[in-house]
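The values are calculated or read from the model by the stated rules, or taken from the named source; none is laboratory data. These figures come from a predicted structure and were not determined experimentally. As a convention, Cβ positions derive from the backbone with ideal geometry for all residues, glycine included, and neighbour counts pool all protein chains shown. Just so you know, the surface numbers come from the protein's heavy atoms only, side chains and all, with ligands and any DNA or RNA stripped out. Shrake-Rupley method; radii C 1.70, N 1.55, O 1.52, S 1.80 Å.
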Amino acid sequence: MGRLVRTEGLTDEQEEILKLVRQFVEKEILPVATDLEHADEYPTEIVEGLKELGIFGLMIPEEYGGLGESLLTYALVVEEIARGWMSVSGVINTHFIVAYMLMQHGTDEQKQKYLPRMATGEVRGAFSMSEPSLGSDVSAVSTKATKVDGGYEITGQKMWLTNGGSSNLVAVLCKTDEGADSVYRNMTTFLIEKEPGFGETAQGITIPGKIDKMGYKGIDTTEMILEKHKIGADQILGGEPGKGFYQMMDGVEVGRVNVGARAVGIANRAFELGVAYAQQRETFGKPIAQHQAVLFRIAEMATKVETAHSMVVRAARLKDAGERMDVEAGMAKMVASEYCNEVVEASFRIHGGYGYSKEYEIERLYREAAFMLIGEGTSDIQKMIIGRSLLKDYKL
């Protein structure tokens, strides 16, 4: 392990978890990641290994069968996994968001029903807020849950479900229009159960198939079509309608720490590849690492990796301390994702023409890094969140 992305003040248990994950990445993920990614093949064996390590229950409390670890531990684990293959970190990210929302907002019955099985990976979570025409305007949610005898009936179309095919529990944001004076209080999160797979996976629910993407391959990203799906009121997250928007935003906030951590992992791997290649490739009679232009590039890459890591750690530690961290999470996600793309491009340039070849790992990272700019809100959205919050703090 190099000197980058080290974290001060970790417990022995945290260090041991990270050591085990790092070993798993080196042995089970890195050797197969590029081949699986090029084949767009789901990493079944890797996922089973993560179950055995307890990663699906990393933050779920011990009383529900999890490890009861902190957001910081989770973020550092994500960095390690994304360093191996970013898609694998996506498998656990949306699962974690659903588990987190249940821990924070679920009823006692919902926690007892789902969390023990989520800790083992038996129940796999997906998170569904986006729609084909939604973008960043969550107020425009059109998927509607209408009250009927015995509960609700949901009709609409959802988009960009990570784990859409492999999951069997989906947290879905719907419009309920129950008379509140604000559009944001007329949204409700439903916990929808379905079968894993594609096609009709439950009454009134269709998962059409995997969306073909530029990167972020292997993992199943899907649409979800709901046509008069019947669901009981007991499947409302927290048991009370009208709180869905705020529950989702809470989940997205910790999701931003996750995406920031993923970006750090990709950037760290790109740095490793770039600095290694620069010492092996020779031009004009010496390794290119000895040319000043490349040496400067290496220094800038390392500084950006370290800066992004520090910001992700700070945001996670604030959340673990029970403090407000909307600004810090937004900053961490924005900086980490932008720096990730810059570091990957710098490594790509160091590789020269070989970086354009699919035989080299940097080609995969180049495509994966682009997704970091979009996931859990673009940099422009982060700037709006940060700016508005700072104006409140520094109001004259």
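In this view, the solvent-accessible surface of Glu253, computed with a 1.4 Å probe and all protein chains in place, comes to about 40 Å².
What pairs in Lys243/Lys392; Lys144/Lys228; Lys144/Lys230; Lys217/Lys358; Lys304/Lys333 have C-alpha atoms more than 20 Å from each other? Check vs 20 Å cut-off fails for Lys243/Lys392. For Lys286, no lysines have a Cα closer than 23 Å to its Cα, not counting residues fewer than 8 places off in the same chain. Excluding same-chain neighbours fewer than eight residues apart, the aspartates and glutamates reachable from Lys319 by a Cα-Cα span under 12 Å are Asp250, Glu253, Glu328. In angstrom, the C-alpha Rg and Dmax of the chain are 21.3, 80. Seen from Ser357, the other residues with C-beta closer than 12 Å to its C-beta sum to a net charge of -1, counting Lys and Arg as +1 and Asp and Glu as -1. Other residues lying with their Cβ under 12 Å from the Cβ of Ala145 contribute a combined charge of +2, Lys and Arg counting +1, Asp and Glu -1.
Using the Cβ-Cβ distance between Glu300 and Phe198 with R0 set to 56 Å, the FRET efficiency from 1/(1 + (r/R0)^6) comes to roughly 0.80. Under a Cβ-Cβ cut-off of 12 Å, what is the net charge of the residues other than Tyr216 that fall near it, where Lys and Arg count +1 and Asp and Glu count -1? Residues close to Tyr216 contribute a combined charge of +1. Helical content of the chain, expressed as a calculated mean residue ellipticity at 222 nm, amounts to -17000 deg cm²/dmol (DSSP H runs of 4 or more residues, -39,500 (n - 2.57) each, divided by residue number, nearest 500). The share of accessible area on the range 132-256 that comes from carbon and sulfur is 49 percent, using a 1.4 angstrom probe. Largest GNM mean-square fluctuation among Gly322, Gly232, Gly151, using the chain with Cα springs under 10 Å: Gly322.
The stretch between Glu323 and Leu390, if pulled fully straight at 0.36 nm per residue, gains 22.5 nm over its current Cα-Cα span. Applying 1/(1 + (r/R0)^6) with R0 = 35 Å to the Cβ-Cβ distance of Leu20 and Lys213, what FRET efficiency is obtained, to the nearest 0.05? FRET efficiency, Leu20 to Lys213: 0.70. Ranking of Arg22, Arg117 by solvent-accessible surface, largest first: Arg117, Arg22 (1.4 Å probe, protein heavy atoms only, all chains present). Check every DSSP H run in the chain and write down those whose alpha carbon atoms cover 24 angstrom or more along the long axis and whose mean Kyte-Doolittle hydropathy is 0.5 or greater. Qualifying helices, which must be both long enough and hydrophobic enough, are 86-105. Exposed loop sites here are chymotrypsin sites (Phe, Trp or Tyr not before Pro) assigned a DSSP state other than H, G, I, E or B and surrounded by at most 16 other beta carbons within 10 Å; excluding them, the longest clear run of the chain is 1-197. GNM remark for the chain: springs join alpha carbons under 10 Å apart, and the peak mean-square fluctuation among Leu273, Leu295, Leu226 falls on Leu295.
Placing unit charges on each Cβ (+1 for Lys and Arg, -1 for Asp and Glu) gives the chain a dipole about its Cα centre, and among Met249, Ile362, His291 the Cα reaching farthest toward its positive end belongs to His291. Ligands, DNA and RNA aside, His291 has an accessible area near 40 Å² when probed at 1.4 Å. Solvent-accessible surface of the range 251-350, taken per residue with a 1.4 Å probe and all protein chains present: 41 Å².
Each residue of the range 145-153 is assigned a 3J(HN,Hα), and the resulting list reads 10, 10, 5, 9, 4, x, x, 9, 10 Hz, derived from the Karplus form 6.51 cos²θ - 1.76 cosθ + 1.60 (θ = phi - 60°), x at Gly and Pro. Counting every C-alpha pair in the range 272-396, the share spaced more than 18 angstrom apart comes to 61%. The relative contact order of the chain, computed from alpha carbon pairs under 8 Å that lie at least 6 residues apart in sequence, is 16 percent.
For Thr146, project a label point 7 Å along Cα to C-beta. Then give me every residue of the range 177-209 with its amide nitrogen under 16 Å of that point. It comes to 177-179, 204, nothing else. Bridgeable lysines around Lys51 (alpha carbons under 18 Å apart, same-chain partners fewer than 8 residues away excluded): Lys19, Lys27.
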